[in-house]
Amino acid sequence: PTQCDNWVRTSNGGHFASPNYPNMYPPNQECIYILEAAPRQRIELTFDEPYYIEPSFECRFDHLEVRDGPFGFSPLINRYCGLKSPALIRSTGRFMWIKFISDEELEGKGFQAKYSFIPDPDFTYLGGILNPIPDCQFELSGADGIVRSSQVEQEGKTKPGQAVDCIWTIKATPNAKIYMRFLDYQMEHSNECKRNFVAVYDGSSSIENLKAKFCSTVANDVTLQTGTGVVRMWADEGSRLSRFRMLFTSFVDPPCSGNTYFCHSNMCINNSLVCNGIQNCAYPWDENHCREKKKTGLFEQITKTHGTIIGITTGIVLVLLVISILVQVKQPRKKVMACKTAFNKTGFQEVFDPPHYELFSLRDKEISADLADLSEELENYQKLRRPSTASRCIHDHHCGSQASSIKQSRTNLSSMELPFRNDFAQPQPMK
């Protein structure tokens, strides 16, 4: 918000005026004033004399615009111009938004307004105002950090059922600015800024340093131009479920020095914030090219004590194994002699080799010799039996039958013809 003249503030209120008051205000001016009361209070606005703003139909030219709330789109109370000062103006909440506009011609003396704070009748009970909200302030600093509403309950700053009015003051590193990004944000009564909001200030908690105020369902990133930021959360008794969690990062403007990282968004952050698992840049350049961290395995989860015990046990087992191997090597071995049976080459060959047959003939030398000896014996034997046999056959017609009745002997072999003679060559005539 812009401010066109000195602004006096006290604990009970203050006053402000148009530029050059009580002299003529300059042309082409646009001044905005935002009044903020403490929780459970309202604002009363009165105007001093003299008062003069260029009169016009529906105050279309120079005018003073007053709205019931902290924004330019808050409900309009009225527009004021002319010679007569406005009557008492009272807000319905903690904020009042005021804008003064002058065109290029017909200037006047302007105005001077006084504001004061009164108790909010919605938070009164029989006997006076409710107990004041306890002090709830926190301080953070460094290259980055987390601002979270859960800290209020964890440190017991407020009791359940009480309203919350807490302030976090953030200090950046030297010569740095502050970038803020919401990680979690939820408003129980959204768009009811009088009861529930998160405000961000740039430099101090003064109303003119209000940078952004969030009371709807969405909260945007905020970039501060100073090294001091103030975050304020207000939630009445019926809005205690509201919560937020905000990441702040200290940064400097480019060019980046040796110990900073360029975020590609007109900001340089400390190198220690790169690849830390948190997006500190406005865009995730600081985390895009980082190696993915593997999930902790079984062996990585083992503590140092367990690892030592397992290492000692493994060493003992290995030593015992080496000792057993050495004992087995040095122990004398019993030699067992096995007698091998003689290898029967002939039988082996008869089994595995096919039978081999050879043709023979009576002309073989050994057979011929045996037959020669046999024929010689037969011849001698016939000479001895020839006389008796011949005489007997003359008188006996059954000589042939007698001869056949006698057992076959070697004498018959001389007159027999072998049946396989036809299969072989003719033998030599016997002597």
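The values are calculated or read from the model by the stated rules, or taken from the named source; none is laboratory data. These numbers were taken from a predicted model, which means no experiment stands behind them. Don't worry about glycine lacking a Cβ; one is built from the backbone with ideal geometry, like all the others, and counts go over all protein chains shown. With ligands, DNA and RNA removed, areas are computed over all heavy atoms of the protein, side chains included. Shrake-Rupley method; radii C 1.70, N 1.55, O 1.52, S 1.80 Å.
Just a few scattered comments:
- Residue identified as assigned to a loop (DSSP other than H, G, I, E, B), touching a Lys or Arg at 6+ places or on another chain (Cβ under 7 Å) and either open to solvent by less than 20 Å² (accessible area, probe 1.4 Å) or outside the structural domain of A199 (by the TED database) (or both) among G93, G69: G93
- Looking at Y33, Y25, just one residue is buried (at least 16 other Cβ atoms within 10 Å of the Cβ), hydroxyl-bearing (S, T, Y), assigned to a strand (DSSP E or B) and not assigned by the TED database to the domain that holds I167, and that residue is Y33.
- Every test in (1) in contact with a strand residue (DSSP E or B) (Cβ under 6 Å, 6 or more places away or on another chain); (2) surrounded by 19 or more Cβ atoms within 10 Å (Cβ to Cβ) is passed by Y51 save one, and that test is (1).
- Taking first residues from region 226-252 that are more than 16 Å from A176 (Cβ to Cβ) and partners that are open to solvent by 40 Å² or more (accessible area, probe 1.4 Å) and among the hydrophobic types (A, V, I, L, M, F, W, C), the Cβ contacts under 6 Å between residues at least 6 apart in sequence or on separate chains come to R245/L183.
- On inspection, E192 qualifies as among the acidic types (D, E) and out of contact with any strand residue (DSSP E or B) (no Cβ under 7 Å at 6 or more places or on another chain).
- Residues in region 196-225 that are in contact (Cβ under 8 Å) with a residue 60 or more places away in the chain and closer than 18 Å to T249 by Cβ: D221 only.
- Residue list for region 74-90, filter: within 16 Å of Y51 (Cα to Cα) and open to solvent by less than 70 Å² (accessible area, probe 1.4 Å): Y80, C81, G82, S85, P86, I89
- Test: R60 is of a type in the set (D, E, K, R) and without any contact (Cβ under 8 Å) to a residue 24 or more places away in the chain: yes
- Of all residues assigned to region 232-241, at least one qualifies as being under 30 Å from F123 (Cα atoms) and at pLDDT 90 or above.
- Some residue of region 150-171 being within 36 Å of the chain's Cα centre (by Cα), open to solvent by less than 40 Å² (accessible area, probe 1.4 Å) and of a type in the set (G, A, S): no
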